[in-house]
Amino acid sequence: MTMDSKAILITGGAGFIGSNLCEYFLGKGHKVTCLDNFATGHRHNIAGFLNHPNFKLIEGDIRNLETCQEAVKHIDYVLHQAALGSVPRSINDPITSNEVNVSGFLNMLVACRDAGVKRFIYAASSSTYGDSESLPKVEDKIGKPLSPYAITKYVNELYAEIFSKTYGLETIGLRYFNVYGRRQDPNGAYAAVIPKFVMQLMAHESPVVNGDGNYSRDFTYIDNVIQMNELAMSTQNKEAVNTVYNTAFGDRTTLNNMLHYLKLYLSEFDQSIAEVPVVYGPNRVGDIPHSLASIDKAKQLLHYHPKFSFQEGLKEAVAWYWNNLKKD
């Protein structure tokens, strides 16, 4: 869908998802402001945009209300990606996760309300489903949170709903399911599983799987996430706003199956990767066994039809990692 040029603020715009959103919307002719404190984002993710006439970088922290107020000036739409992700991180340091994910989120809502922003679209999380065992996950049926991180993302949804009802701010939450793709950071203690495994396999190191590898996830390629953000921003359907959507492909893959395809696609570049053994360790605290999204609501209200299957996305992601991160 094409739109007239809009002014878009992307918080966490130097991160994995945020930088992909920056790139996409700049390419569509929009004015993009990136707000990031570089706690988990990287300057190299946005290096290619810094000289773009429609790109503006604000280096700052969403925990500072004045910074949020400055960032939303003359902004039409906010795509709020800034957060401290990772369940293990939140278990190790719940206070900082809460400060960023809850207090920072509230600062952004207040700033958007006061600036008259048209719509606030935010990264929600599949972790909100908590201990609910029903599959597939349907938006209005959630369980109890299993981690501090999950609590913060659920609180985000509650605050967004209150701001919609009380102040008339249009909000849409996108419950991301295991997003992967280009620019996802493979390093650090809290690296996501796909880029981490890719880097290990490229180095001929054995990836370590938590559990027996039969846990499954609805792995979601970055381009499907970009698609959902654009649909959330552009929809004119009043029924489609002030709610939350699963943002996923709508199918699940076991970790063992994911590793099979990772080896398959990487061995096209280096045949010996196919022989790298996999190591299995204990299950991780706070991990849910299976995750699968129903995307019926997004199909119905936003006309969402994901462009990339898991295998199509993984093949593209593997090629990107090989071409950009392979150490000679």
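The values are calculated or read from the model by the stated rules, or taken from the named source; none is laboratory data. Because the structure is a prediction, the values reported are computed rather than measured. Virtual Cβ from ideal backbone geometry, glycine too; neighbours counted across all protein chains shown. SASA here: full protein model, heavy atoms, side chains in, ligands and nucleic acids out. Shrake-Rupley method; radii C 1.70, N 1.55, O 1.52, S 1.80 Å.
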> How many percent of the accessible area of the stretch 263-328 is carbon or sulfur, using a 1.4 Å probe?
Replying inline: 52
>> So with the 1.4 Å probe, I'd like the accessible area per residue for the stretch 140-186, rounded to whole Å².
In response: 43
> Give me the Kirkwood hydrodynamic radius of the chain in Å, from all C-alpha pairs, to one decimal place?
Replying inline: 20.1
>> I'd like the orientation of helix 193-202 relative to the chain: the angle between its Cα long axis and the longest Cα principal axis, in ° from 0 to 90, rounded to 10.
In response: 40
>> Please list log₁₀ I(q)/I(0) at q = 0.18 Å⁻¹ for the stretch 75-154, using the Debye equation with identical point scatterers on the alpha-carbon positions.
In response: -0.79
> When we measure straight from the Cα of K196, which aspartates and glutamates land under 15 angstrom away, once same-chain ones fewer than 8 places off are left out?
Replying inline: D185, E205
> Which whole-Hz couplings ³J(HN,Hα) result when phi for each residue of the stretch 20-26 is put into the Karplus expression 6.51 cos²θ - 1.76 cosθ + 1.60, θ = phi - 60°, listed in order with x for Gly and Pro?
Replying inline: 5, 5, 4, 4, 5, 6, 4
> Of all accessible surface on the stretch 1-125 at a 1.4 Å probe, what whole percent is carbon and sulfur?
Replying inline: 49
> For the Cα atoms of the chain, what angle does the longest principal axis make with the long axis of helix 222-234, in degrees from 0 to 90, nearest 10?
Replying inline: 20
> Given the rule -39500 (n - 2.57) for each run of at least 4 DSSP H residues, summed and divided by the residues of the chain, what is its mean residue ellipticity at 222 nm, to the nearest 500 deg cm²/dmol?
Replying inline: -11000 deg cm²/dmol
> Do the alpha carbons of any pairs in K28/K118; K118/K165; K28/K263; K153/K326; K141/K238 sit beyond 24 Å of each other, and which pairs?
Replying inline: K28/K263; K153/K326
>> With the crude spin-label approximation of a point 7 Å out along Cα→Cβ, what separation in nm comes out for W322 versus K141?
In response: 4.1
> Given a cut-off of under 8 Å on Cα pairs at least six residues apart, what relative contact order in percent is computed for the stretch 217-328?
Replying inline: 44
> Which angle between 0 and 90 degrees, to the nearest 10, do you get for helix 148-167 versus the longest principal axis of the chain when only C-alpha atoms count?
Replying inline: 20
> What percentages, rounded to whole numbers, describe P(r) for the stretch 150-189 computed over all alpha carbon pairs with 5 Å bin width beginning at zero?
Replying inline: 5, 18, 19, 15, 16, 11, 9, 6, 1
